[in-house]
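Single-structure report; data block below.
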Amino acid sequence: MEHSARGGHSMGGRGDISRLLPPAGSGIPRSLRLFFAIFAGSSVLTLVFVSEIYRPPLPFLASIYRDSTPQNSKNGRDRDSESFTPSSSGITQEISKDASPPAAVAPSIPTATPASGLGKVSESWSWNAYENAPSSSEIHDKLLGGLLSAEFDDSSCVSRYRLAAYRRASPYKPSPELVKSLRRFETLHRRCGPHTAAYSKVQVLDMGPANGLGNMMISLASAFLYALLSERVLLIDRSRDLHALFCEPFPGSSWLLPPDFPLRPSSIFNDSDGRRLGRILRKKKSTATGLVYAHLSHDYDDYDKRFFCESSQSFLREIPWVALRSDQYFSPALFLNPAYERRLSKVFPRKDTVFHHLGRYLFHPADAAWEVITGYYHDNLARATVKLGYPVELVTRQILNCTWTENLLPKIPSPEGRPSSIAVIVTSLYSVFLGALEDIYSGRAASTGVNVSFHQPSHEEQQQTGSEAHDVKALAEIYLLSTADALVTSAWSTFGYVANSLAGKTPWILISPRRLPACTRGPTSMEPCFHFPPNYDCAAGGFLETTTVLPYTTQCRDRISGLQMVDGGST
């Protein structure tokens with residue numbers, strides 16, 4: 001289900017994120033010896049680079065490297081090498097201004113069919129491609145305009161009040177009604193959550209997220225919005241590694257299902273359970289008085305989709321426990337309910353900021369994950385003038401079509417008028433993209449006049465949904481991408497949706513390798529796409545094109561049948 005569910009991950013490499021994860025064993029004496037050895041070696045290298053005595057031999061070494069590169073290797077590297085990890089250490093690629101490079105041609109990637117040619121390249125390159133120019137004087141509001149509660153102890157979650165300092169200040173402020181709604185919900189959760197006197201008397205939403213990390217985050221945000229509207233306590237199934245990824249979002253209470261909860265959520269998340277809402281509506285009678293299961297994953301049927309109808313919500317208001325399972329961003333469908341839509345319009349005057357605000361409110365990396373994120377950021381990205389994010393799984397030629405045409409990277413050769421350095425964050429399961437991009441900007445000695453560095457935190461070559469270590473790396477990559485000034489993402493990528501929404505950026509979306517333009521940017525929305533909306537007319541029955549119902553919904557650019565929120569309904 002989740003395309004490009006997360007960036008690539010490896011287990012080694014100088015700039016690899018794995019080195020920042022806690023070690024498996026102690027090994028103190030050996031670690032100390034290794035530390036002193038690395039310190040001594042880096043000191044020598046530092047002296048060499050500071051003195052610049054390395055510069056004269058570089059052309060000679062480069063010529064030897066080119067002459068010795070095997071013709072049958074992938075991107076100039078031995079494709080059979082098991083120990084090779086692409087450079088992601090953040091070492092800036094020095095570009096010679098005096099060289100006369102050949103015409104820039106994107107390398108052919110054996111794993112995909114390349115496009116027939118590069119798109120038209122703009123003759124000028126400037127800051128205009130980036131939404132916000134960098135500023136060293138930005139003042140970061142740690143409470144995000146009142147979005148976050150001030151009740152937390154700063155030491156309980158290091159990232160909660162410090163994340164803002166790693167991103168551009170968001171121009172989108174939460175509405176007073178949203179701030180009031182969040183404080184009311186926190187009070188409800190504190191008074192009526194697990195192990196309180198009122199716990200057995202309140203309505204509860206038990207959420208079971210499905211699929212990869214990107215899907216999990218967008219479905220959790222949707223479930224939280226539904227809990228906010230229906231005034232239910234929100235509890236999350238413990239079968240996922242949520243505690244290792246995120247801090248608790250609600251002061252004085254937990255959003256995790258108690259360990260002593262008598263009912264296993266997995267026992268009701270199946271097609272045949274008689275408490276499934278779709279089956280109840282199909283049979284037009286219910287034997288469920290205490291619990292109903294709402295199946296809202298991408299494979300839900302026509303009866304399951306009636307969850308969003310007012311008649312179904314009236315029925316659920318009488319049910320104490322609702323167990324919900326989803327892997328989708330179903331928030332837009334809540335606006336289709338007239339009762340919810342009236343309140344939502346007050347809570348979110350700008351309809352394209354729903355996930356931007358909810359994601360920043362709910363998701364704060366746990367301390368161990370935060371250490372990984374900040375460690376990699378300071379080692380590789382902090383000194384760049386601008387940062388560009390690539391959460392992609394498509395061919396390199398298409399990436400260059402997009403970034404050159406849209407002035408996100410300087411073409412080869414490059415005109416004047418550009419920042420001094422660009423750090424490109426590449427997240428992919430595969431290392432081939434990083435190698436190809438590095439070859440374009442360093443192997444050809446292009447005259448760009450810009451220091452362009454490429455960084456791939458990790459690459460594991462295969463998806464590992466459900467692995468805690470994998471999910472921690474994926475979370476780190478999402479938050480590193482969310483610090484970028486611009487993002488280019490694959491179509492259908494929930495991983496990319498989360499990153500650009502947290503960043504508050506409208507992404508460039510890569511389309512087909514054989515189509516020009518190679519990417520599109522619009523509508524002007526940072527909202528995730530609801531891939532499989534209900535398309536059901538609750539009043540009349542039958543099919544309904546939900547993208548035309550409200551003035552602020554439209555088709556997704558990367559999925560025509562998908563539903564996306566936009567501001568004011570502009571397309």
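Among residues other than D301 whose Cβ falls under 12 Å from its Cβ, what is the net charge (Lys/Arg +1, Asp/Glu -1)?
+1
Run the numbers for E151 and R184: contour at 0.36 nm per residue of separation, minus the present Cα-Cα distance, in nm.
Roughly 10.5 nm would be gained on extension.
Report the net charge of residues surrounding S181, where surrounding means a beta-carbon distance below 12 angstrom and charges are Lys +1, Arg +1, Asp -1, Glu -1.
Value of the local net charge: +2.
Could you state how much accessible area R162 has, in square angstrom rounded to the nearest 10, with a 1.4 Å probe and all protein chains kept in place?
Approximately 110 Å² for this residue.
Among the listed pairs K201/K285; K142/K305; K173/K201, give every one whose C-alpha distance is greater than 28 Å.
K142/K305; K173/K201, as the Cα separations exceed 28 Å there.
Does the range 158-349 come out rounded, prolate or oblate by the C-alpha gyration tensor, with a ≥ b ≥ c the root eigenvalues, rounded set by a/c under 1.5 and, if not, prolate when a/b is larger than b/c and oblate if not?
It is prolate, given that a/c is not under 1.5 and a/b is the larger ratio.
By its C-alpha gyration tensor, with a ≥ b ≥ c as the square roots of the eigenvalues, how is the range 140-180 shaped: rounded for a/c under 1.5, else prolate for a/b larger than b/c, else oblate?
Judged from the Cα gyration tensor, the range 140-180 comes out oblate (a/c at least 1.5, b/c at or above a/b).
If each residue of separation counts as 0.36 nm, what is the full-extension length gain between L143 and S200 once their alpha-carbon separation is subtracted?
Length gained, L143 through S200: 17.3 nm.
Taking the Cα centre of the range 158-349 as the origin, how large is its charge dipole in debye, to the nearest 20, when only Lys and Arg (+1) and Asp and Glu (-1) carry charge on their Cβ atoms?
560 debye
Please give, to one decimal in nm, the separation of the simple spin-label points placed at A368 and T385, each 7 Å out from Cα toward the Cβ.
4.0 nm
Once you order the gyration tensor axes a ≥ b ≥ c over the Cα atoms, which shape class does the range 214-264 get: rounded for a/c under 1.5, otherwise prolate or oblate by comparing a/b with b/c?
Rounded is the answer for the range 214-264, as its axis ratio a/c remains below 1.5.
The values are calculated or read from the model by the stated rules, or taken from the named source; none is laboratory data. Nothing here was measured: the structure is a model prediction, and the numbers come from that model. Glycine also receives a Cβ, built like all others from the backbone with ideal geometry; neighbour counts cover every protein chain displayed. Side chains included, ligands, DNA and RNA excluded: accessible areas come from the protein's heavy atoms. Shrake-Rupley method; radii C 1.70, N 1.55, O 1.52, S 1.80 Å.
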